[in-house]
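A.B. asks: Before I ask anything, let me first share the structure, which is written out below as structure tokens.
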Amino acid sequence: MTEENLPKKRFFKDELESSQEFKDIEEQKLSFQGNLENAKSFLFTEKPSSQEGVDDSPVMIEETDTSSNSPASCLKKNVEHFRNIVPGVPLERAELLCRMYSKENNVLSKALEHHFERPSSPAACSVNYGDTLPDTESLVTPIPVASLPSPRNHQEENGQRTSKRLKTESHSRRFIGSLQVNAMATRPTVRPIKYATKLKIGLSTGSLTMSKVSHANRSKKASMASYVKIYDAVNEREIGRVPGDIARILFPLLQTNEVEFEATMIFCDNKRLSIGDNFIFQLDCFLSFRIFDTSSPIEGQSKTIHDSSKRRWDSSTQPIVETSEELENGTRIMSLLSLFDKLNIKPIRQSEILENEDKDSRDEIDIIDLDDDKDLVDITSPCSETDNDANEEENIMNMNQLKFFYKATQSIDFLRDLPELEPPKEEFKLNLRRYQKQGLAWMLRREQEFEKLSEYDDFSKVDNSMMINPLWQQFKWPKDMSWESQRSGDRTPKASAEQRFYANLHTGEFSTEKPIMKTMMKGGILSDEMGLGKTISTLALIFSAPIDSEASSKQLFGTEGSDFPPQSQNIPYVSHTTLVVVPMSLLNQWNLEFEKANASKSMRSEIYYGGNVSSLKTLLTKTNNPPTVVLTTYGIVQNEWSKIIKEKDTSSSHTVSSGLFSVEFFRIVIDEGHTIRNRMTRTSKAVLQLAGKRRWVLTGTPIINRLDDLYSLVKFLRLEPWSQISYWKMLVSEPFEKKQYKKAFDVVNAIMVPVSLRRTKQMKDADGKLLVELPPKDIVVERLPFNKTQDHVYKYFLGKAENSVRSGLAQGDLLRKYSTILVHILRLRQICCDIKLLGSRDENDEDLSTSNQLVNEDLKSLTQGAAGEGFSYEFDARKMQIAISNVQKMYDSAELLENIECSICTTEPISLDKALFLECGHGFCEKCIMEYFEFQKEKKLETKCPNCRELVSYNNLVKVELKEGESPKIVPCNCDQKPAKVEALIKHLKVLRDTALGEQVVIFSQFSSYLDVLENELNETFASNEVKIYKFDGRLNLKERATVLEEFGVKSLSKQKILLLSLKAGGVGLNLTCASYAFMMDPWWSPSMEDQAIDRIHRIGQTSNVKVTRFIMENSIEEKMLKIQERKRTIGEAMDADEEERKKRRLQDIQMLFE
Amino acid sequence: MASLPKRIIKETERLVSDPVPGITAEPHEDNLRYFDVTIEGPQQSPYEDGVFHLELFLPDDYPMEAPKVRFLTKIYHPNIDRLGRICLDVLKTNWSPALQIRTILLSIQALLASPNPNDPLANDVAEDWIKNEEGAIRKAHEWTQLYASKDVK
């Protein structure tokens, strides 16, 4: 309860302060506040120890006063209490009020309520609550029997609401709909209740607070029905009760007075009612104008937020829990929502407002409508009833939800109407595409650089100011069909000409005025799909607005109520510099792009990495021409921040004297912004602490797998109020956890739409053209059979893995063995690539050293076993020597060597790079002699030289090595050790060399040790004058990376350039459009990773058709991986909302792999 | 059937363009792996003046596997049985992919010139050959005139 009091105190005070007409209270404010704690706790049924006599107050659960005491003494007591609580109230007034409510069972609270609500109008109430039945036409406040007012009720009513109410008294409510309710009689009646008899809806007992009921409600849903009763309006006699679903709506609403209800008997079979009889009444619902009682909804809202945030900041050490106040508000909102639902009141869609009912956009939205929450619940969680621990549950989003999210954020039609802007030609060299120009306009608008947008100035300002707060929804007032208006024939609306009202169904706030969204934050999220040129767009922005034009007027440091310590006060503001934080692999790319775009002499970029700038602060503040852009990496930011934290611990000084944190930047851009999606990581924490006035997030994937990924971005942007974790939790995380997906997504959309821009490659511009027309890409899966050794080794390891899985399944602890099985799977995948990878250390090999040893032993025995069958790695050096000398003898001149006929296929001459020689010296085509060995082995025949019939061994084959400028050299050939993929790759590369020399080729693998193997193989196979091999993986430092990419990018017409690219190091961000051929050596679990990799090549700037070959081993784990990929593509990767489901899926995956 | 390997085409062409003296081999039009073969009996042998018809078939695995060859013409020879099957090492264990149709046919021709009764296929003939070589040779000669005469088809 004490915790609950905190915010209430605030409300109380605020609203008191803002109220002007509450003069008498105002005067008493001081004394009143002195008693506030007590008064409040009194109202909230808390027993205050200091005040004697309060215990038997009517507010308490026991209704002692009215029943046991005489009316007179009771009245006196009440008056006394009343004046105790509100000292300074004239005795007469207190008496009047108490008398007025003397029939009620909670006199005091009613009286108090009345006192604060209508300080000037005791008379108005006596009309309603006097003993005479009020005239139906003038019935204004029909919640007579409302029991204990909820705390919320009080806060509002004590405060400023009063003022407005008086103004709008003449039509203080408006009809929103009628329901026909089938009710059940609980008391017999003497005679039939006549048609059109007025009924009253009320709560039966005053003994329950809403929160109690809502708690009880969790265990027993129907319980509310027993509290909502129907009374005869004349003699207040209970008649019956309403069905549970209606009661659930009515119960919380009856405790507030924001919705008013009128009930009229329609049908009771014209006989007297006995218990259990059904009757039907019409329930007219009116929205009381009390609900609109805030001077401006937005102000009110932001104030609340601000205050709550302040409060939360103060008490930020405490974990934030749902207070019972929040709970009650939640119930109230739910009730309102379901009432609206029942009455079929639907919000008018945003797009209709903006676009005058643009049919297209409307249809689109309708289609993408999420399913009912219920359905989703059914799908994702069979046990939603019981999960109160939903908080622990990770709320991962499924594919459909993601799609919905993206679609909603991109379906805004204003995209098409954005003006096209270009940065100054004399400074910016690059040509922007149309949508990039639009993007620039949007970004400038987000930064409120209106002078840059001059010709669209009006438009943008208007647009900004007219933007309805997206959390709010617009509703049309329905026609008044209520009983009395029908009766009286008075169809003219009571309210003025206002046709619409607005409601924020997330917070339960209402307004008759249009709620205007004003975002103060400058910046946003540019989440264009990968390859649409986010970098270019951002550079265009930087060139368009490189410096803060208002910097001279120093009035800049009003950071918008963020919960960050106000660093900006003590650190210099560098108004000329934009900080760009990027992943390390992109550092040079950004720099290059900047140089490419830069046409101005005064602009320059500076890389802040690896200690190349001695003092950033000096550079930025003391020099005449500070760099326009400072490029740095997440690593540096995190590093500097960690240092600061450490220093802070030791020294007490809070100012940072150097580095990134020592200045406030004009603008901060974080590229691949999803890097900070987990706000608990050090990097995220560090990035969030950077000081800058304008903030931009660039990311193609704002959500990686959970909705909360967005929170970090919002926090980085300091997007109020969402950057308050409590707000975010209340409106996004918690609804999502509670499976109210639609609600959560609506809020997220409301947050994201104004601050983010997302275009996809599939989108069309104003002319209906695709934004980006990329040349087609062709992805071919090439299935390869194992070679002998691989097959042998694979089968062995497969057997081991299967055993492990089988025993795991049998014992039911498969998941506990998960890591062991992962190792098995890794082994199999390595074998698919090359058995050399087995036992090698690799970035994917974590902590496998012990099992590596075992593997190596296995491998040894395996290959020895294989040796007997004629396949062995170990070759006999002596025999090899003989073989080499035999060949030399047999072909002792270059001429002879060049004119060998293959006796098997009768080709003559064989090209030397395709020739193999047996130990006897005879030469054959590689293919022919291999086929011969295969055939003989299959028939279990001896291998003899076809020419001389000498017994020969497969292992003693030799070949001729041709190197530029050297005479041919006879060397051992270990052909069989070429694994199938290497073989196939080499074949492809040879074809490419012969047909498309000069085309760059990218080869992807996730095993960096495999890249090494490939590098060796390719170097062995190809002469250095025809092929140049580059390797890009995590082991390269920044400079090396830049060099590799730069060199690889230069076209060479005489050489085939091959880039071996590690997925982990180069999977994101890189631009490799210079290449149009790619080979994917091994499949990844996640298909999107593969797509990402392919998109390195298939992106803007690519001019030729892209050909991708994926190598997959036949009948191996890789084929199964393809299947799993397929499944992931269709059902969404991260679909499983709960742990159980995910476990199940993982099990399925494993079983699928080994079935 | 798999497409015809280059080697078979090459061999066939060469058999036509550069025939071995005393031997012809022509592929069937509808099956290029099936050859009609004739071998003239070597001089100074009981088979002199005879023309022997054979069939030759190149299996799918040729040249890894030896061609299948059979005499169609009746012949009296210790290494050739009544069904025309030939006992010749290069057609069996000593086959090598370096061998070709023409070399195989030459080997068969050589076998006619020097029968080897010690490694017989037709046991009765071989016995006859060992016991009474002259009579056997005469009989072989008779058979040649009877069945393999150039006039008789």
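The values are calculated or read from the model by the stated rules, or taken from the named source; none is laboratory data. Please read all numbers here as calculations on a predicted model, not as lab measurements. Every residue, glycine as well, gets a Cβ built from its backbone with ideal geometry; the counts of neighbours run over all protein chains shown. For accessibility, only protein heavy atoms count, side chains too; no ligands or nucleic acids. Shrake-Rupley method; radii C 1.70, N 1.55, O 1.52, S 1.80 Å.
A.B. asks: For the pair B and A, how large is the buried accessible area, both sides, in square angstrom to the nearest 100, if the probe is 1.4 Å?
C.D. replies: 1100
A.B. asks: For region B:6-148, calculate the relative contact order in percent as a whole number, restricting contacts to Cα pairs under 8 Å that are 6 or more residues apart.
C.D. replies: RCO, region B:6-148: 22 percent.
A.B. asks: Within 10 Å, count the other beta carbons around each residue, average over each peptide in A:722-728, A:1056-1062, A:993-999, and list them highest first.
C.D. replies: Put in order of decreasing packing, that is A:1056-1062, A:722-728, A:993-999.
A.B. asks: What does the structure give for A:899-906 when I average, per residue, the other chain Cβ atoms found within 10 Å of the residue Cβ?
C.D. replies: 4
A.B. asks: Given a 1.4 angstrom probe, what's the average accessible area per residue across region A:980-1152, in square angstrom?
C.D. replies: Accessible area per residue, region A:980-1152: 38 Å².
A.B. asks: Of the lysine pairs in region A:671-740, how many meet both conditions: Cα atoms under 22 Å apart, and a spacing of 8 or more in sequence or different chains?
C.D. replies: Taking region A:671-740 as the scope, the lysine pair count is 7.
A.B. asks: Compute the Cα gyration tensor for region A:877-972, then decide on rounded, prolate or oblate, letting a ≥ b ≥ c be the square roots of its eigenvalues: rounded whenever a/c is under 1.5, prolate when a/b is larger than b/c in the other cases, and oblate in all that remain.
C.D. replies: Cα axes put region A:877-972 in the prolate bin.
A.B. asks: Mind checking the log10 I(q)/I(0) for region B:6-148 at q = 0.11, 0.20 Å⁻¹? Debye, one equal scatterer per Cα, no solvent, two decimals.
C.D. replies: -0.40, -1.20
A.B. asks: While we're looking at this one, here's another question. Which of the residue pairs A:Lys1051/A:Lys1107; A:Lys346/A:Lys479; A:Lys879/A:Lys981; A:Lys836/A:Lys978; A:Lys788/A:Lys940 have a Cα-Cα distance greater than 21 Å in the structure shown?
C.D. replies: Beyond 21 Å: A:Lys879/A:Lys981.
A.B. asks: Treat region A:657-767 as a sphere of radius equal to its Kirkwood radius over Cα pairs and apply Stokes-Einstein at 10 °C in a medium of 1.306 mPa s; give the translational diffusion coefficient in µm²/s, rounded to a whole number.
C.D. replies: 105
A.B. asks: For region A:716-811, what value does the Rg/Rh ratio take when both radii are computed over Cα atoms and Rh is the Kirkwood radius, given to two decimals?
C.D. replies: 1.30
A.B. asks: Here's another thing I want to ask about it. Near A:Pro583, within a Cβ-to-Cβ distance under 9 Å, what is the net charge of the other residues, with Lys and Arg +1 and Asp and Glu -1?
C.D. replies: Working: positive: none; negative: A:Asp671, A:Glu672.
Result for the local shell: -2.
A.B. asks: Region A:913-946: which residues show an accessible-area loss of 30 Å² or more, assembly versus chain alone, 1.4 Å probe?
C.D. replies: A:Tyr932, A:Phe935, A:Pro946
A.B. asks: If eta is 0.890 mPa s and T is 25 °C, what Stokes-Einstein diffusion coefficient results for region B:10-79, Kirkwood Rh from Cα pairs, in µm²/s? Please list the in-between numbers first.
C.D. replies: Numbers: Rh = 13.2 Å.
For these conditions, the coefficient is 186 µm²/s.
A.B. asks: Follow-up. For region A:980-1152, go through all pairs of different Cα atoms, get the mean of 1/r, take its inverse, and jot down that Kirkwood value in Å.
C.D. replies: Details: mean 1/r = 0.0580 Å⁻¹.
The Cα-based Kirkwood calculation yields 17.2 Å.
A.B. asks: With only alpha-carbon atoms in the gyration tensor, what are the semi-axes of the equivalent ellipsoid for region A:905-947, in Å, largest first?
C.D. replies: In descending order the semi-axes read 19, 11, 8 Å.
A.B. asks: Would you tally the net charge around A:Gly1101, using a Cβ to Cβ cut-off of less than 13 Å, leaving A:Gly1101 out, and scoring K and R as +1, D and E as -1?
C.D. replies: Residues close to A:Gly1101 contribute a combined charge of +1.
A.B. asks: In the neighborhood of A:Lys1028, defined by Cβ-to-Cβ distances under 9 Å, what is the net charge if each Lys or Arg adds +1 and each Asp or Glu adds -1?
C.D. replies: 0
A.B. asks: Can you give me the % of accessible surface on region A:925-1047 that is carbon or sulfur? Probe 1.4 Å, all protein chains present, nothing else counted.
C.D. replies: 47
A.B. asks: Using a Cα distance threshold of under 16 Å, what count of lysine pairs results for chain B when pairs must be 8 or more residues apart or interchain?
C.D. replies: Taking the Cα cut-off of 16 Å, the pair count is 5.
A.B. asks: Among the trypsin sites (Lys or Arg not before Pro) in region A:421-450, which ones are in a DSSP loop with at most 11 other Cβ atoms within 10 Å of the Cβ? Mind listing them?
C.D. replies: Of the trypsin sites (Lys or Arg not before Pro), the ones in loops of region A:421-450 whose Cβ has at most 11 other Cβ atoms within 10 Å are A:Lys425.
A.B. asks: Roughly how crowded by other chains is peptide B:60-68, in terms of the mean Cβ count from those chains within 10 Å of each of its Cβ atoms?
C.D. replies: That average works out to 3.
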